[in-house]
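A short worksheet on the structure shown next.
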Amino acid sequence: MQPYPPGTRWIITSRYGHTETGELALYAEPDGSSITDDFLPEEMSAAGLWRMWVDGYAHRAHERWPDLYRPGEVTILWTVTTPAFVDIFEGAPYARTLPRDPQLTKMFGPCKEEDFLTHYRTPVNADTGEPINWLRLPVLDRGWNTTTADKSGFIQEVTGWKPAPLQPTMDVMQIGRAAGLYVPTLPGNVAADSGHADQTRCPAKRS
């Protein structure tokens, strides 16, 4: 299944009846990758941000929810937006959400997650009238270099990788090794990884 071609326009109607026509796209933000907010490309390279980020976030989901995530598995937050990254910025429908914090549930009760469809009706193609297929929306390219300083752009810049639409997690260990980058030590291992793939290491199993 191919992504919608560039220039595909959608009729977007809010729950209050306001209608506009425009393009839509998906923005993927791996957990913690907003560290770019604190830097400029001339202050920190994409490789430097990658190393800082994986040291802080590669195993965070596993540490918090060991039964749900493997070491090195980073959760991805998905947002529906526009190619220009302006005007519309709502959670993507049907994306996997993080487990609810039991303490917050105890304090405030169950909380219904909001997303794009909370505020808008299902978009329809402006030319064909067909309803949108969320899995065919293009995923925004992001960069981090001398001409581009995109939020979380260092990951694609340094690895050449971006997730498939609504992919719930990324495997930092696999992606980093494939790109010849530094990756942190897996929990339970003694020696730190030098940044090259260790062909003798077995992948961590799900519990």
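The values are calculated or read from the model by the stated rules, or taken from the named source; none is laboratory data. Predicted model only: the values in this text are computed from it and were never measured. Neighbour counts are summed over all protein chains in view; Cβ atoms, including those assigned to glycine, are modelled from backbone coordinates with ideal geometry. Protein only, heavy atoms only, side chains kept; ligands, DNA and RNA dropped before computing areas. Shrake-Rupley method; radii C 1.70, N 1.55, O 1.52, S 1.80 Å.
Residues that are touching a Pro at 6+ places or on another chain (Cβ under 8 Å) and modelled with pLDDT of 95 or more: which strands (runs of 3 or more DSSP E) entirely in the stretch 1-79 hold 2 or more of them?
By residue number, 10-13, 25-30.
Being closer than 18 Å to Gln156 by Cβ, open to solvent by 50 Å² or more (accessible area, probe 1.4 Å), touching a residue at least 60 places away in the same chain (Cβ under 8 Å) and under 19 Å from the mean Cα position of the chain (by Cα) narrows it down to one residue among Ala58, Ala47; which is it?
Checking each option against the conditions leaves just Ala47.
Against the definition (surrounded by fewer than 16 Cβ atoms within 10 Å (Cβ to Cβ), modelled with pLDDT of 95 or more and in contact with a strand residue (DSSP E or B) (Cβ under 8 Å, 6 or more places away or on another chain)), how does Asn125 come out, yes or no?
yes
So which of Gly160, Gly188 is out of contact with any strand residue (DSSP E or B) (no Cβ under 7 Å at 6 or more places or on another chain), at pLDDT below 95 and at positive phi?
Being out of contact with any strand residue (DSSP E or B) (no Cβ under 7 Å at 6 or more places or on another chain), at pLDDT below 95 and at positive phi holds for just one of Gly160, Gly188, which is Gly188.
Could you list, in sequence order, the residues of the stretch 1-19 that are touching a Ser or Thr at 6+ places or on another chain (Cβ under 8 Å) and closer than 23 Å to Val139 by Cα?
Arg9, Trp10, Ile11, Ile12, Thr13
Please verify whether the stretch 80-91 includes one or more residues that are more than 30 Å from Thr128 (Cβ to Cβ), open to solvent by 20 Å² or more (accessible area, probe 1.4 Å) and touching a helix residue (DSSP H, G or I) at 6+ places or on another chain (Cβ under 8 Å).
Checked the stretch 80-91: no residue is more than 30 Å from Thr128 (Cβ to Cβ), open to solvent by 20 Å² or more (accessible area, probe 1.4 Å) and touching a helix residue (DSSP H, G or I) at 6+ places or on another chain (Cβ under 8 Å).
Is it the case, given these coordinates, that Thr118 is free of Cβ contacts under 8 Å to residues at least 12 places away in the same chain and either surrounded by fewer than 16 Cβ atoms within 10 Å (Cβ to Cβ) or in contact with a Gly (Cβ under 6 Å, 6 or more places away or on another chain) (or both)? Lay out the reasoning, then the answer.
On the way: free of Cβ contacts under 8 Å to residues at least 12 places away in the same chain: no; either surrounded by fewer than 16 Cβ atoms within 10 Å (Cβ to Cβ) or in contact with a Gly (Cβ under 6 Å, 6 or more places away or on another chain) (or both): yes.
Answer is no for this residue.
With the structure loaded, tell me whether Thr148 is over 30 Å from Ile35 (Cβ atoms) and β-branched (Val, Ile, Thr) or whether it fails that test.
When the stated conditions are applied, Thr148 does not pass them.
Kindly list, by first and then second residue, each pair from a residue in the stretch 1-29 that is free of Cβ contacts under 8 Å to residues at least 60 places away in the same chain to a residue that is open to solvent by less than 30 Å² (accessible area, probe 1.4 Å), limited to pairs with Cβ atoms under 6 Å and residues at least 6 apart or on different chains.
Short answer, once both residue conditions are applied: Thr19/Thr13; Glu20/Ile12.
Step by step: first the residues of the stretch 147-190, then only those that are in a loop (DSSP other than H, G, I, E, B) and of a type in the set (S, T, N, Q), then the one that is most open to solvent (accessible area, probe 1.4 Å). Which residue is that?
Per the criteria, the residue is Thr147.
Are any of the residues in the stretch 62-69 open to solvent by 50 Å² or more (accessible area, probe 1.4 Å) and either aliphatic (A, V, I, L, M) or in contact with a strand residue (DSSP E or B) (Cβ under 9 Å, 6 or more places away or on another chain) (or both)?
Checked the stretch 62-69: at least one residue is open to solvent by 50 Å² or more (accessible area, probe 1.4 Å) and either aliphatic (A, V, I, L, M) or in contact with a strand residue (DSSP E or B) (Cβ under 9 Å, 6 or more places away or on another chain) (or both).
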